[in-house]
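Values in this text are rule-based calculations from the coordinates and carry no lab data. In this text, all values refer to a predicted model and were calculated from it rather than measured experimentally. Note that we place each Cβ from the backbone using ideal geometry, even for glycine, and neighbour counts take in every protein chain shown.
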Amino acid sequence: MPHVLVIEDDPQVRAALLRALDERGYATSSAGTGLAGLHSAVTDQPDLVVLDLGLPDIDGVELLRMLRSVSAVPVIVVTARDEEAEIVATLDRGADDYLVKPLGAAQLDARIRAVLRRSTSDDPVSAVVVAGLVVDPASREARLDGRLLDLAPKEFDLLRYLSERAGQVVSKRELLAEVWRLPYGGADKTVDVHLSWLRRKLGETAQQPRYLSTVRGVGVRLSAPEES
């Protein structure tokens, strides 16, 4: 029985979430403030955290950053904030999914099950090697010619997704859906910015690519330098 920690300050919303999760067979606990939630996440070690951003003592995005520094527990943000920039920034900070209130209990249940499947997969995950680039999903580390790359969480997720499809052209829409969990258009700049940051850390540019090549009008391809 998965244990879900709900961090939500509104007593009525919190009670509704807990009731819906209890009815679907989850073990639950809750906290009404960010710091209490952080303490519970560290001490109780839940399988997943449902996090509201509008907390009374600390902003939920800052709490997410603090939580990510001490724990890899999956986090689903459930909030009324629906601005695209806020969604992208929160996912960049390490959230595993982002849902906008109001939402149905069935949708939350489906998202929790999907996140738990991804985080508890028993399949062995091997490092991906593309020429001098090594991407290790298990340790969430990437090395270029033996040098450890300093990657933000979403930069690593982007590099991993592309490296696992080395030689294939991947569209920006696919990257938004699979890396950012944003199954809609309109945020191409998010992909462009992260690709720019990633290229810088790989020691290349869009004009002089080594591993990351743009296929105009189609998407981006990661491949060994001699194939770019």
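At R0 = 25 Å, how high is the FRET efficiency between Ala138 and Arg216 if r is their beta carbon distance? Nearest 0.05 is fine. Step by step, r from the Cβ atoms, then E = 0.10.
Using only the Cα atoms of region 3-119, build the gyration tensor, take square roots of its eigenvalues as a ≥ b ≥ c, and label the shape rounded, prolate or oblate: rounded if a/c is under 1.5, else prolate if a/b is larger than b/c, else oblate. It comes out rounded by the Cα gyration axes. Close amide-amide hydrogen proximity is noted between Val77 and Leu51, Asp96, Asp97, Tyr98, Leu99, each under 5 Å apart and 5 or more residues distant or on a separate chain (H modeled in the peptide plane; Pro and chain starts excluded). Measure nothing but the geometry: give the 0 to 90° angle between the long axis through the Cα atoms of 60-70 and the longest principal axis through the Cα atoms of the chain, rounded to 10°. Taking the Cα atoms of the chain, the angle to 60-70 is about 70 degrees.
Over the chain, DSSP H runs of length four or greater, each weighted -39,500 (n - 2.57), average out per residue to a 222 nm ellipticity of -12000 deg cm²/dmol.
Placing a pseudo-label 7 Å from each Cα along the Cα-to-Cβ vector at His39 and Lys189 gives an inter-label distance of 4.1 nm. Close amide-amide hydrogen proximity is noted between Thr28 and Val4, each under 5 Å apart and 5 or more residues distant or on a separate chain (H modeled in the peptide plane; Pro and chain starts excluded). Among Ala127, Ala138, Ala95, determine the one that fluctuates most according to a GNM of the chain built with springs between C-alpha atoms less than 10 Å apart. Taking springs between Cα atoms under 10 Å, the residue moving most is Ala138. For the chain, the relative contact order is 13 percent, taking Cα pairs closer than 8 Å that sit 6 or more residues apart in sequence and dividing their mean separation by the residue count. Converting phi to 3J(HN,Hα) with the Karplus coefficients 6.51, -1.76 and 1.60 and the offset θ = phi - 60°, region 101-112 yields 6, x, 9, x, 4, 5, 5, 4, 4, 4, 5, 4 Hz in sequence order, with x at every glycine or proline. With θ taken as phi - 60° and the Karplus curve 6.51 cos²θ - 1.76 cosθ + 1.60 applied, the whole-hertz 3J(HN,Hα) list for region 152-159 is 5, x, 6, 5, 5, 4, 5, 5 Hz, x standing for glycine and proline. Choose one answer from Asp97, Asp59, Asp47: the residue with the largest mean-square fluctuation in a GNM of the chain with alpha-carbon springs under 10 Å. It is Asp59. Pairs of C-alpha atoms in the chain farther apart than 26 Å represent 41 percent of all such pairs.
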